[in-house]
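What follows is calculated from the coordinates using simple rules that are stated; it is not laboratory data. As the structure is a prediction and not an experimental result, all values here were calculated from the model. So basically every Cβ, Gly included, is an ideal-geometry build from the backbone, and we count neighbours across all protein chains shown.
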Amino acid sequence: NCYSINNEINFRALNLLLDSFKYDIVFLVETWLIKTPSFPDKRYNYILINSNNHNNGVAIIIKKDFRWIIPFKEYNNSKILTIKIITNNIHFFATSLYLNPNYHKWLSTYNKFKSLIQLIKDKYKQFSMIIFTDANCDLKNPDSRYEKKLYKLLIKEKFNINFNNDKFTRKRSERYIDYFITYDIQIENIKHTKVPIGHSDHLAIKTNINQI
């Protein structure tokens with residue numbers, strides 16, 4: 001959760017991150033963009049759904065080495081974005097997902113996400129999927145109604161919620177609410193970065209995938 005790249009400090013921090021490390025794919029939520037800026041690093045494609053009110057906004061930044069399409073446009077909005085990465089042997093989906101802390105807004109995006117999962121499962125007998133989400137709920141110790149709802153959905157559909165040993169991902173409230181969720185994929189060395197992007201109060205999640 002970059003907590004806005006609509007300001008110079010966070011935008012510069014994101015570009016420094018891309019320039020400093022060899023990432024293949026980067027997920028962002030809460031970009032807060034109304035207009036798409038000019039990104040300096042031309043090694044990447046920038047897939048964004050901007051907001052219209054200085055809130056929300058999601059993005060997937062992916063190396064130009066990869067071919068991709070947007071398969072389900074009707075399921076995309078400023079809180080959820082899904083692309084399909086073109087590979088030789090598997091149907092590979094990537095989703096950036098933001099679930100608003102307001103329960104009614106959270107539920108609306110949750111229902112769209114649930115329908116998306118059902119559509120993919122109905123259409124493809126075999127597929128792989130990676131999801132980054134700021135879920136605004138604790139899936140380590142699901143207690144509230146929305147925590148239980150999301151947790152039960154992921155477990156029922158056989159998704160892996162990949163935790164590491166850190167106590168929290170959001171520094172200000174010391175909550176564990178950001179997750180890297182996978183389906184039929186093996187990942188390695190999931191960890192949180194030492195510093196967030198610019199003024200964001202969320203730590204970033206970093207991991208290795210060997211199947212793309």
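Inter-label distance, residue 144 to residue 20: 3.2 nm, where each label sits 7 Å from its Cα along the C-beta direction. Note on region 68-212: dipole from Cβ charges, positive end direction compared against 135, 179, 101; the farthest Cα belongs to 101.
Beta bridges from DSSP with both residues in the chain: antiparallel share about 85 percent, rounded to the nearest 5. For residue 140, no residue whose modelled amide H falls within less than 5 Å of its own remains once neighbours fewer than 5 places apart on the same chain are excluded. Between the labelled values (1) 1, 6, 11, 16, 23, 19, 11, 7, 4, 1, 0, 0; (2) 1, 7, 15, 21, 23, 18, 11, 4, 0; (3) 1, 7, 14, 16, 17, 15, 11, 8, 6, 4, 2, 1, 0, the entry that holds P(r) over Cα pairs in 5 Å bins from 0, in percent as derived from this structure is (2).
Globularity index of region 1-106 is 1.07 (Cα radius of gyration / 2.2 N^0.38 Å, N = number of residues). In terms of distances greater than 21 angstrom between alpha carbons, the cross-link table entries 42/79; 140/191; 79/149; 35/105; 140/171; 112/206 yield 42/79; 35/105; 112/206.
Oblate is the label for region 119-212, because a/c, from the alpha-carbon gyration tensor with a ≥ b ≥ c as root eigenvalues, is 1.5 or above and a/b does not exceed b/c.
Each of 31, 58, 86 was scored by the projection of its Cα onto the charge dipole of the chain, and the greatest displacement toward the positive side belongs to 86; charges sit on the C-beta of Lys, Arg, Asp and Glu. Under a model in which nothing but the beta-carbon of Lys, Arg (+1) and Asp, Glu (-1) is charged, region 1-144 shows a dipole of about 500 debye around its Cα centre. Would you give the gap between the C-alpha center of region 147-189 and the C-alpha center of region 1-42, rounded to a whole Å? Between the Cα centre of region 147-189 and that of region 1-42, the gap is 23 Å.
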